[in-house]
1. Looking at this structure, is residue 212 out of contact with any Ser or Thr (no Cβ under 8 Å at 6 or more places or on another chain) and without any contact (Cβ under 8 Å) to a residue 24 or more places away in the chain?
2. Specify which of the listed residues (135, 158) is open to solvent by less than 20 Å² (accessible area, probe 1.4 Å), out of contact with any His (no Cβ under 6 Å at 6 or more places or on another chain) and either closer than 21 Å to residue 229 by Cβ or at pLDDT 95 or above (or both).
3. Any residue in region 91-106 that is farther than 15 Å from residue 58 by Cα sitting within a Cβ distance under 7 Å of a residue that is of a type in the set (A, V, I, L, M) and in a loop (DSSP other than H, G, I, E, B)? List the pairs, counting only those 6 or more apart or interchain.
4. If you scan region 47-65, which residues turn out to be within 15 Å of residue 139 (Cβ to Cβ) and not hydrophobic (A, V, I, L, M, F, W, C)?
5. Please list, ordered by residue number, the helices (runs of 4 or more DSSP H) wholly in region 120-238 having 2 or more residues that are touching a Leu at 6+ places or on another chain (Cβ under 7 Å).
6. Give me the residue from region 161-202 that is in contact with a strand residue (DSSP E or B) (Cβ under 7 Å, 6 or more places away or on another chain) and modelled with pLDDT of 90 or more and, out of that set, most open to solvent (accessible area, probe 1.4 Å).
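The values are calculated or read from the model by the stated rules, or taken from the named source; none is laboratory data. Keep in mind that this is a model prediction, so the values were computed, not measured. Note that each Cβ is placed from the backbone with ideal geometry, even for glycine, and that neighbours are counted across all protein chains shown. We work out accessible area using only protein heavy atoms, side chains counted, and drop any ligands, DNA or RNA first. Shrake-Rupley method; radii C 1.70, N 1.55, O 1.52, S 1.80 Å.
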Amino acid sequence: MTCEQEPVNGNAGRHKFRRLAALAAIVITVSTPVVFSVAYAADKPASTVTFDDKTLAIIKSGDATRGAVLAVQCKACHGHAGLSNAGLMPTLAGMNPLTIYKQLQDFKNDDRPWRDMIQISRLLSTQDMADLAFYWSAQPGLGTPPSGDANSPGAKLYNQGNADKGIPACASCHGPDGQSTGAPQLAGQQAPYIQQQLVEFASGMRHNDLDGQMRGIVGSMTPEDFRAIAAYLGTNQP
């Protein structure tokens with residue numbers, strides 16, 4: 001039974017809320033989230049999520065009221081109102097609903113390794129994920145242009161790439177202001193989070209990028225490039 005089929009104030013809704021609350025209590029007792037890599041076949045799809053008409057219809061069916069109830073437990077890690085104040089935790093407020101839905105599905109399907117999120121996502125139905133995506137996307141948060149120095153090496157790499165190294169401009173997918181419907185929003189995320197994701201793509205720990213696109217790009221980049229891009233796009237304050 002999905003959250004859509006049960007009233008959030010009914011017994012079933014309270015039961016799901018208690019299960020999520022119990023899991024969140026376990027998660028926040030760990031000072032540093034434990035990351036682990038999962039084995040995956042070379043020919044395994046990076047993600048089983050496809051944004052076809054059926055998936056888009058599911059996401060559009062999201063309900064903010066139900067999402068708000070579920071999102072209470074997200075705030076323990078992702079910050080009040082979805083504005084992260086923890087370096088390795090992403091801000092969810094204002095994130096594109098397509099991105100939120102895909103990442104939750106990827107966690108649930110073991111396509112993105114992060115123990116706590118894998119455990120949490122397995123308690124969520126497809127409708128729950130749509131409800132959360134709809135709720136968080138409607139909250140004020142991400143949506144401002146990069147706050148870093150526009151003349152910095154990170155800005156140049158993000159906006160122009162590096163032809164000598166075969167690195168395309170990040171802006172070509174993520175948008176000149178870090179906002180794009182077809183890729184995760186980056187501007188306004190915590191700088192340590194952005195840097196860590198680049199490291200994980202480079203190491204292969206994170207591998208839910210379609211067609212290996214991110215892994216191919218970051219393979220030509222250096223740790224200094226990662227830090228520069230994160231400093232340009234990210235913030236150290238929620």
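1. It is false that residue 212 is out of contact with any Ser or Thr (no Cβ under 8 Å at 6 or more places or on another chain) and without any contact (Cβ under 8 Å) to a residue 24 or more places away in the chain.
2. From the options 135, 158, the qualifying one is 158.
3. Short answer, once both residue conditions are applied: 91/83; 91/142; 93/83; 93/142; 94/142; 95/142; 106/49.
4. Within region 47-65, 62, 63, 65 meet the criteria.
5. Passing ranges, in order: 126-137, 191-203, 223-233.
6. 173
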